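Some notes on the structure that comes next.
The values are calculated or read from the model by the stated rules, or taken from the named source; none is laboratory data. Everything numeric in this text was worked out from a predicted model, so none of it was measured. Cβ sites come from the backbone with ideal geometry, for glycine too, and all protein chains shown count toward neighbours.
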Amino acid sequence: MSTTILVVEDEPAIQELIAVNLTFSGHKVLRASNADQARQLIRAELPDLILLDWMLPGMSGLALARQLRSDERTSQVPIIMLTAKGAEHDKVDGLEAGADDYITKPFSPKELMARIKAVLRRRAPQLTDDVIQIGDLRLDPRTHRITGHEQALVLGPTEFRLLHFFMTHTERVYSRSQLLDQVWGDHVFVEERTVDVHIRRLRKALEPVNLENHIETVRGAGYRFTAQPI
Ligand code: CA
């Protein structure tokens with residue numbers, strides 16, 4: 001699945017190396033050389049993950065990480081800090097500032113990709129390619145196939161993303177506006193009622209295999225995907 005990754009790195013050779021590897025792995029890459037550029041790009045499009053160099057001209061990567069964490073819109077975006085070799089105290093400061101992980105320069109592309117995958121798996125599992133099986137429902141992000149009791153189900157693209165999000169975030173209640181942010185993306189201006197429409201479609205798609213009860217309506221709060229429907 002394609003994810004958008006923002007690379008904030010002022011050294012052109014390192015920025016290029018990272019961007020090439022990410023693009024090769026199928027990610028969409030946004031590039032910035034300093035905190036100002038990064039903020040401009042984030043304003044236009046919220047990335048799924050940020051690779052943030054510690055040493056930047058002007059505002060440091062650490063200060064930017066703190067700022068992103070304190071802003072509601074960016075508080076949940078996973079951040080991996082790029083730090084210089086041997087700066088042990090940097091790592092602690094970085095994690096305290098809200099970074100999810102750090103990687104020490106110089107690093108191999110393989111190590112970088114492994115770290116990105118690990119952070120996404122932990123923080124945004126709906127963005128990974130992992131097959132998910134819950135009860136008799138199985139979703140494969142690679143092939144875009146969904147089966148219930150081993151029977152193929154037909155879902156529209158929005159219902160697919162909605163189900164993928166639910167299956168990677170079970171047992172928690174999400175409000176309509178949270179679902180809009182998570183599934184439709186931010187900066188998207190659609191009415192909250194739209195969520196209800198797609199929930200209805202999703203339930204209808206699951207009906208032929210009697211799995212629609214996985215999706216529960218929580219009155220006054222929103223919707224929840226439960227692994228063990230009553
Ligand atoms: Ca730097």
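Close Cβ contacts (under 7 Å, 6 or more residues apart or on different chains) running from residues in segment 131-143 that are free of Cβ contacts under 8 Å to residues at least 60 places away in the same chain to residues that are polar (S, T, N, Q) comprise Ile132/Thr168; Arg138/Thr147. The set of residues in segment 1-31 that are in contact (Cβ under 8 Å) with a residue 60 or more places away in the chain and more than 18 Å from the chain's Cα centre (by Cα) comprises Glu9, Ile14, Leu17, Ile18, Asn21. So in segment 62-106, with the set limited to residues that are β-branched (Val, Ile, Thr) and more than 16 Å from the ligand (Cβ to nearest atom), which one is modelled with the lowest pLDDT? Here the residue is Val92.
Restricted to segment 16-61, and to residues there that are closer than 10 Å to Thr4 by Cα and of a type in the set (A, V, I, L, M, F, W, C), the residue that is farthest from the ligand (Cβ to nearest atom) is Leu46. Provide a single number: the residues in segment 185-202 that are in contact with a Leu (Cβ under 9 Å, 6 or more places away or on another chain) and in a helix (DSSP H, G or I). Qualifying residue count, segment 185-202: 6. Which of the residues spanning segment 168-190 are within 20 Å of Thr128 (Cβ to Cβ) and touching a helix residue (DSSP H, G or I) at 6+ places or on another chain (Cβ under 8 Å)? Listed by number, the residues that qualify are Thr168, His169, Tyr174, Leu179, Gln182, Val183, Trp184.
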